[in-house]
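Enquirer: This is the structure I want to talk about, given as structure tokens.
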Amino acid sequence: MIEEIKKIITENKKNLFRSDFFENDLKVSKFFHGRPETNKKIIFYVSVFDKPLCIFKMTRINMYNDIIDREVAGLSAFPNISPKLFFHGQLGGLNYMCEEVASGVPVGKSQEVDYLVKVLEWHKNLTRVRQVKIDEIIKLFSNVSFDNDKEFGIVLTELLKRKEESLWLSLGHGDMTYKNIMVRIDKQITIIDWENFGLRPIYGIDIIHYLSRMIYTGDFEHDVPSALSHFTKDVEKYENKLGLGFTQREVEDLFLLDWFFEVLQKNNIKKYNEVIPLMQKIWSL
């Protein structure tokens with residue numbers, strides 16, 4: 001596999017930032033994305049002459065080829081704030097992509113509040129396409145059963161109370177957390193790991209998802225009303241300070257919907273072919 005990757009990169013070197021190398025000059029290092037027992041893709045760090053050249057990503061099995069498709073689409077949709085996409089293709093039935101090694105340093109947990117401002121700047125420029133009712137989104141998943149997941153039922157019950165309320169469709173990142181942000185030398189951010197692009201295409205959900213990782217609600221795992229109250233109370237201080245641009249009701253709707261999506265994706269290891277295609281249909285509502 002390593003030798004095949006070297007060959008592919010050499011054949012496509014005209015698309016990279018540098019091309020003054022031969023196949024034997026490349027060094028390819030493999031590491032897993034996420035937990036090895038559940039990861040859906042493998043990431044390879046590629047260097048030449050001890051300098052970073054590119055990141056090469058490939059799915060582990062063809063059932064997960066759509067992950068690469070979404071990453072390619074995300075990088076293409078937001079080229080000004082994401083690593084440059086060099087090329088993509090397929091090897092042995094497995095989708096792959098090659099992208100720029102993002103320059104800068106990762107944002108740490110202690111810095112996530114500081115970089116919320118940068119995330120907001122990016123998010124406020126996203127295009128709102130059309131409104132959909134929460135009920136339309138929920139109905140997409142009406143035939144998916146998670147009988148043993150109490151959390152799914154509790155969150156769904158709360159969402160159904162708001163089924164006539166509307167939210168805006170908008171393409172964003174889909175998993176906006178500090179872990180997916182790099183800070184460049186000019187203090188601007190680069191957003192990485194776009195594999196959830198198009199799965200949560202709701203305006204505002206990236207911001208709420210980011211905030212939900214800052215505001216701890218773990219003590220209210222099966223008490224949705226208390227979690228909602230705690231979250232919206234904390235969000236209010238960021239609204240007052242930064243101007244998030246959401247009403248309290250919108251914050252509540254987005255928080256519950258993001259929680260709903262989290263439960264869906266938590267279960268997608270066993271029901272990937274059911275859950276992910278339905279999440280992709282949200283954009284077409």
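Enquirer: So R249 fits all but one of (1) within 23 Å of I282 (Cα to Cα); (2) crowded, with 17+ Cβ neighbours inside 10 Å; what number is the exception?
Expert: Among (1) within 23 Å of I282 (Cα to Cα); (2) crowded, with 17+ Cβ neighbours inside 10 Å, the lone unmet condition for R249 is (2).
Enquirer: Could you grab me the full set of residues in the stretch 49-69 that are more than 29 Å from K270 (Cβ to Cβ) and surrounded by fewer than 14 Cβ atoms within 10 Å (Cβ to Cβ)?
Expert: Hits for the stretch 49-69 are F49, D50, K51.
Enquirer: With the checklist (1) under 20 Å from the mean Cα position of the chain (by Cα); (2) free of Cβ contacts under 8 Å to residues at least 40 places away in the same chain; (3) closer than 17 Å to L120 by Cβ in hand, flag the one item V251 doesn't pass.
Expert: (2)
Enquirer: Okay, moving on. Quick one: K14 ticks every box in (1) surrounded by 11 or more Cβ atoms within 10 Å (Cβ to Cβ); (2) part of a helix (DSSP H, G or I); (3) at pLDDT 95 or above except a single one, so which number is it?
Expert: Result: K14 passes all but (1).
Enquirer: Next question. Under 7 Å between Cβ atoms, which residue pairs at least 6 apart in sequence (or on different chains) link something in the stretch 125-142 that is touching a residue at least 40 places away in the same chain (Cβ under 8 Å) with a partner that is among the β-branched types (V, I, T)?
Expert: I137/I282; L140/I282
Enquirer: Can you report the number of residues in the stretch 118-145 which are farther than 22 Å from L285 by Cβ and surrounded by 13 or more Cβ atoms within 10 Å (Cβ to Cβ)?
Expert: The number of residues fulfilling the criteria is 4.
Enquirer: Closer than 30 Å to P201 by Cα and crowded, with 16+ Cβ neighbours inside 10 Å: which single residue out of V72, V28 fits that description?
Expert: Numbers: V28 fails: closer than 30 Å to P201 by Cα.
Checking each option against the conditions leaves just V72.
The values are calculated or read from the model by the stated rules, or taken from the named source; none is laboratory data. In this text, all values refer to a predicted model and were calculated from it rather than measured experimentally. Ideal geometry is used to build each Cβ from the backbone, glycine not excepted, and the neighbour counts take in all protein chains shown.
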